[in-house]
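This report concerns only the one structure given below.
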Amino acid sequence: MEEKLFNRIMEKEMSKEEELKIPDSINIKLGQAYEIIKSDKVDNVKKGKVNKRRNAIIAASLAFLVLTTVVVTPALADNIPPLKELSKYLKNIYSFNDNYVSNADQINMSKKYDGIEITMQGVIYDESSLKFIYTVTSEKNLQWGVQLRKNSLKVNGKDILEKIYSDRIRTEDTKISKDGEKLEKYAVITTFDISDLKLDDKVRIEWDINEVHTQNYKFAEGNWDFKLETSKELSNKNSKILNVNYDREIDGHIFGIDKIIITPTETKIISKYDSKFNEEYASISEAFLKDINNEELRKKFNKLDLIASQVNLYNMDINDEKGNLIQPHDSKITDGIMTTTYTPFKEIPKKIYITPFKHNINMPKFNAISDDQYIDIKNIKTPFAYSQGENMIVTINSMDRKDSKLIVNASFSGDFIASRVSNPFEVLPKGIKYPTNIDEMNKLSCITDLIKTQETWQYSDKANNENNTFNYEFNLADNKEYNLVISKYEFMKNKQIVVDVK
């Protein structure tokens, strides 16, 4: 249910986005929010599927900045010396993956003004976006990392930024230098969405940066201008544009997918966005959260929640025919069109399966966890198999408890394996139940964070129909008894969209 709170924020912010004109002061405040979330010591984004998707939703609501980090191994960078040193830092940027360095045109171009040097290292140009990979070295403290202002971008002499604060642009950074060093240095990726533009395969690019934020709304000024040429040659071999043109109606609300763009560095889905529905959903959700015992509000909320699962891509799981899952990390809305960016497919798929996912339909209060989902770990005889829903089986192969450590080895079969592996079960002290209000939910989050010792969200990136067995580790107290709490899932296969890539 925690996810619902953030989903409500996202829907509210996204429904307003088309009307927003962001002044400098608000843009800076977004930078503050960026810094707060990015420096979160708890690192909530690494704690299960719910928290991972929740943080993706936060990112969407805060001007669709990417505010979190994941860890990837940039093995391919070893073969590209100019980017090798930088790539080990880029791994801390959420959207980064191995394909960035293997599909980048290498560039070595520097400009320095007002104590700040920007060095361009590489550029990626494909059907979806234009990405600049560079470093920023500053003699001045950059209060919120790399915050650019007054960009202009020309492709073949044509300016593609419609306004100063264009929703086409997203900048992500990670600090390279250590605290206390004389110079601050950052590895940066700036991405421009070009999925709606028809551009030549070979292009001339002019990117000008005129201001970089330093401290307290002050900006270093200069003319960091980069002129270069690039092409889609590297990415075209592994890129594909699918004109899906899919539409359906759900209780008077329209959901549609116009296009799917597959590139080596990301997958992009362009869909219809129903702002009126999301405004209504946000309003009813807020009212219900304030009065969860109101049966009339519960019925309205459950009805809208069911619709939300079918009209919002963030509530859908997207897999290929091998069961590989792609994860959302960025969205923008323009004129009723929602452009959602996902992690890349491992290879161009033969088919894409888009399946709505029910979250908390008809829940007693916040959760639909029944007593039979709590199982005393002392009573479990392995191998022990249980169902998470229709055609979704988990088999616990072994449970090994030594001192304060519990290791559970589990295998998955059936549908949606990659979606289920991050949180197939919890281990809770006996006597503790899942929450019925927000205060209890917050307490439970602390308990489960202390018990679970692994960042199992990473399992979703590794799992598929063949890679289906994983270990789960928990720290337990010697003097306590524990229940294994089974997680249930409900995917709406009757509403599944199947896209034939051919």
*asked:* How high is the relative contact order of segment 226-381? Use alpha-carbon pairs under 8 Å, at least six apart in sequence, and give a whole percent.
replied: 21
*Expected-Rg normalisation [2.2 N^0.38 Å, Cα atoms] applied to segment 385-502*: 1.18
*Kindly flag which residue pairs out of K259/K493; K178/K346; K88/K154 have an alpha-carbon separation exceeding 25 Å in this structure.*
K178/K346; K88/K154
*asked:* Could you give the length gained by full extension between K158 and K88, i.e. 0.36 nm per residue of separation minus their alpha carbon distance, to one decimal place?
replied: 21.8 nm
*Might you report the magnitude of the Cβ-based charge dipole of segment 94-217 about its Cα centre, with Lys and Arg at +1 and Asp and Glu at -1, to the nearest 20 debye?*
300
*Tell me, what are the semi-axes, in whole angstrom and largest first, of the equivalent ellipsoid of segment 178-329 as set by the roots of 5 times the Cα gyration tensor eigenvalues?*
40, 27, 15
*Obtain the nm distance between the two label points defined at Y113 and E279 by a simple spin-label model: each point lies 7 Å from its Cα along the Cα-to-C-beta direction.*
4.1
*For segment 340-347, what does the Karplus curve 6.51 cos²θ - 1.76 cosθ + 1.60, with θ = phi - 60°, yield as ³J(HN,Hα) per residue in whole Hz, taken in order and with x for Gly and Pro?*
10, 9, 10, 4, x, 5, 5, 7
*Could you name the lysines in cross-link range of K290, using Cα to Cα under 17 Å and dropping any fewer than eight places away on the same chain?*
K4, K12, K299, K300, K365
*Let me know the charge dipole size of segment 258-370 about its Cα centre in debye, to the nearest 20, where only the beta-carbon of Lys, Arg (+1) and Asp, Glu (-1) is charged.*
240
*With a sphere of radius 9 Å drawn around the Cβ of H253, what net charge do the other residues whose Cβ falls strictly inside it have (Lys, Arg +1; Asp, Glu -1)?*
-2
*What is the set of long-range amide H partners of M109 at a cut-off below 5 Å, with H atoms built 1.01 Å from backbone N?*
M120
*Of all accessible surface on segment 413-482 at a 1.4 Å probe, what whole percent is carbon and sulfur?*
45
*How many nm is it between the label spots at K351 and K198, if each spot is 7 Å from the Cα in line with the beta carbon?*
3.3
*Total formal charge among the other residues, if their Cβ is under 14 angstrom from that of N236, Lys/Arg +1 and Asp/Glu -1*: -2
*What whole-number value in Å² describes the accessible area per residue of segment 124-245 for a 1.4 Å probe?*
47
*asked:* Going 7 Å from the Cα of E390 along its beta-carbon direction, which residues of segment 417-447 have the amide nitrogen within less than 14 Å of the resulting point?
replied: none
*What number, in percent, do you get for the relative contact order of segment 225-312 if the mean sequence gap of Cα pairs under 8 Å and at least 6 apart is divided by its residue count?*
21
_Note, ³J(HN,Hα) from phi for segment 121-129, Karplus 6.51, -1.76, 1.60, rounded to Hz, x at Gly and Pro_ = 10, x, 9, 10, 10, 9, 5, 9, 7
*Once you charge only the Cβ atoms, +1 for Lys and Arg and -1 for Asp and Glu, what is the size of the charge dipole of segment 316-359 about its Cα centre, to the nearest 20 debye?*
140
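The values are calculated or read from the model by the stated rules, or taken from the named source; none is laboratory data. Source: prediction; values computed, not measured. Quick reminder, even Gly has a Cβ in these numbers, built from the backbone with ideal geometry, and neighbours come from all protein chains shown. Note: areas computed on protein heavy atoms with side chains; ligands, DNA, RNA excluded. Shrake-Rupley method; radii C 1.70, N 1.55, O 1.52, S 1.80 Å.
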